[in-house]
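Trainee: Next up is a structure, given as structure tokens.
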Amino acid sequence: MKPFYLTTAIDYANGSPHLGHAYEKVLADVVARVQRLRGHPVHFLTGLDEHGTKVQQSAKARGIEPQALCDTVAGEFQALCRTLHISNDDFVRTTEPRHQKVVRAILQKLHDQGDLYLGEYRGFYSARQEQFLLEKDKVNGEWPEIFGEVVEVVEPNYFFPLEKHRAWLSDFLRDNPEWIFPSFRQKQVVEFLKEPLNDLCISRPRERLAWGIPLPFDEKYVTYVWFDALVNYVSAIGYGTPEFGEKWPADAHVIGKDILVPPHAVYWPIMLKALGLPLPRKLLVHGWWFSGGKKESKTDIEKAKAAGVKIENPLDFISTHGADPFRYFLLREMVVGQDADFSATQFTARYNSELADDLGNCVARLLNMVSRYSGGKVPAATVDEDPERTLRAEWEKFAPEIYPLCEGFQFHALLEKLNGFVKSINRYLDVRSPWKLAKSADPADQARVATSLALLAESVRLAAATLAPVMPDTSAKILALLSQPPVEKWDGQLVWGARLAGASLGEKVILFPKIEAEKKA
Ligand code: MSP
């Protein structure tokens, strides 16, 4: 069976990971985990984009070799994946021989086919910054001071013609209206394709950019940016070997909105077409995280720190409050495809109410009451009255929505509805008040106490199973408290039942210690 092949963008190696990188990995991880829970084998790839001007410059600024910088940064990104429980099967680095080999093979093939030509690249070049500039780099129509002297340069470079594929790509988008999620992004691509496409410059002279993969047919040049980076999706799964066909095409590329048009929605499909390969089945495009209205970026955080300004780094929330609450917040707060703002206030509000007061409290009440009223073992349910029927109806309403919400990438709504269900468990307990009924000598009341504990346990089990893709550790922890193994497949697990009768429960724990509001000075 072909695995569900899932990729993320590969991050630039010129700096440390930030919130945007973390989110993309968590989002892709949740998609991967949902697939596995649905019983599909998954191959999940992420990685690092290690070549290019910025990496070369950053290394120079630090007085180290580019490879040494990449090794350090790769270590940081890999550590982030582990900390965040990212279940990637592979991590590709573009300086690895397996990648470089494929980039060269692909360039050679396109060259042999006559798909590449040597032409003239014309652009404005800043010698001080060692980079070509774009119109958008101008401020009030002038090149800013930081670029030093800017001169117009004409130099020979290799090009990949795109225009001849434009009609084909437009037709493909028309015939596959759901290729890009969300659909308004697909409309942007369709608009973009209404204008003729410029040929893509794919090289830089090696004398200016040494840190790249040399063109196999002209070693005086290295390949530039997209012909290196995009190829990771096929190099990592062994392009050119028989195993390649077992995984390609990718089932989804998860990327941010800034690299959709033109790289992933125009260059990549055209490159694949020229190579005779099928296109990925979906592009899943997320929005941007902002922090106080500014795009989240590591450079800003580093600059602020250097200037002595206290600015919170959202990634610090992982060490202070745990990976799972961080994952929960990212998925709960951002509607996939739209932008969102990260603030400590909002994180604290969601954490304290939805995790500490709702879910954490439910679990604490369960462990507490089963220990107090039932000797630590889940009793059997024998009563079926209005409160029981209401709680069960809440689950029966939510359960059929779980798969469609996941398939539609509506993870914020999944978590919102799950929180609604957890709130209804707490409501049920308040209605039943087993702590009051326990004092009654009436056997019917004792049966109600036992039943309420049984339903509480079953509801907590269902909530924990639903939470598995987003909070895998917490889900497993709660299930372990119920003497249950972690959920590996959802099949049969999201069904209301009585499997916990007789199960011994674990010791009392506080899953989510409340975050105290910062004391005002
Ligand atoms: N190296 C290229 C991608 C090559 S893919 C073949 C690149 N790297 S990046 O480090 O700049 O960005 C990596 C991913 O992080 C992109 O998908 C980008 O959209 C995402 N994010 C970077 N900053 C972001 C936010 N502030 N918010 C959300 N995601 C953003 O582009």
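The values are calculated or read from the model by the stated rules, or taken from the named source; none is laboratory data. The structure displayed is predicted, hence computed values, not measured ones. Because the Cβ atoms are built from the backbone with ideal geometry, glycine has one as well, and the counts that use them run over all protein chains shown. For accessibility, only protein heavy atoms count, side chains too; no ligands or nucleic acids. Shrake-Rupley method; radii C 1.70, N 1.55, O 1.52, S 1.80 Å.
Trainee: To the nearest Å, what is the center-to-center distance of the range 215-268 and the range 132-201, using C-alpha atoms only?
Mentor: Comparing the Cα centres of the range 215-268 and the range 132-201, I get a distance of 17 Å.
Trainee: How high is the relative contact order of the chain, in percent, with contacts defined as C-alpha pairs under 8 Å that are six or more residues apart? Please report the intermediate quantities before stating the final value.
Mentor: On the way: 804 pairs, mean separation 81.5, N = 521.
Computed over the chain, the figure is 16 percent.
Trainee: Report, in deg cm²/dmol and to the nearest 500, the calculated mean residue ellipticity at 222 nm for the chain, where each DSSP H run with n ≥ 4 adds -39500 (n - 2.57) and the sum is divided by the residue count.
Mentor: Values: 20 runs with 233 residues, N = 521.
Taking each H run of at least 4 residues, the total per residue is -14000 deg cm²/dmol.
Trainee: Loop-only trypsin sites (Lys or Arg not before Pro) in the range 433-511, please: DSSP not H, G, I, E or B, and at most 16 other Cβ atoms within 10 Å.
Mentor: K439, K489, R499, K508
Trainee: Please list H18, H111, H286 in order of solvent-accessible area, largest first, computed with a 1.4 Å probe with all protein chains present.
Mentor: So, going from the largest accessible area down, we get H111, H18, H286.
Trainee: Net charge near R122, counting Lys/Arg +1 and Asp/Glu -1 over other residues with Cβ under 9 Å of its Cβ? Kindly include the intermediate steps, with their values, before the conclusion.
Mentor: Values: positive: none; negative: E120, E152, E155.
Residues near R122 contribute -3 overall.
Trainee: Cα centroids of the range 470-521 and the range 1-80: how far apart, whole angstrom?
Mentor: Their Cα centres are 30 Å away from one another.
Trainee: Q57: net charge of surrounding residues, Cβ under 14 Å, Lys/Arg +1, Asp/Glu -1, itself excluded?
Mentor: Result for the neighbourhood of Q57: +3.
Trainee: Which loop GluC sites (Glu not before Pro) in the range 419-520, with loop taken from DSSP, have no more than 12 other Cβ atoms within 10 angstrom of their Cβ? Could you put the intermediate results ahead of the total?
Mentor: Numbers: sites: E458, E488, E507, E516, E518; in loops: E488, E507, E516, E518.
Here the sparse-neighbourhood loop sites are E488, E507, E516, E518.
Trainee: List the relative contact order of the range 203-251 as a percent without decimals, with contacts defined as Cα pairs under 8 Å and 6+ residues apart. Kindly include the intermediate steps, with their values, before the conclusion.
Mentor: Values: 43 pairs, mean separation 12.4, N = 49.
So the answer I get is 25 percent.
Trainee: In addition: GluC sites (Glu not before Pro) within the range 197-262: which are DSSP loop residues with at most 14 other Cβ atoms inside 10 Å?
Mentor: In loop regions of the range 197-262 (DSSP not H, G, I, E or B), the sparsely surrounded GluC sites (Glu not before Pro) are E207, E243.
Trainee: Right, something else. Got a number for carbon plus sulfur as a percent of the chain's accessible area, 1.4 Å probe?
Mentor: 52
Trainee: How would you classify the range 122-258 from its alpha-carbon gyration tensor, with a ≥ b ≥ c the square roots of the eigenvalues: rounded for a/c under 1.5, else prolate if a/b is greater than b/c, otherwise oblate?
Mentor: Oblate shape, in that a/c is at least 1.5 and b/c is the bigger or equal ratio.
Trainee: With everything on Cα atoms, drop me the angle between helix 361-374 and the longest principal axis of the chain, reported from 0 to 90° to the nearest 10.
Mentor: Taking the Cα atoms of the chain, the angle to 361-374 is about 30 degrees.
Trainee: If Lys and Arg each add +1 and Asp and Glu each add -1, what is the summed charge of the other residues whose beta carbon sits under 10 Å from the beta carbon of T451?
Mentor: The answer is -1.
Trainee: Next question, about the same structure. Which percent, to the nearest 5, of DSSP beta bridges fully inside the chain are antiparallel?
Mentor: The antiparallel fraction comes to roughly 50 percent.
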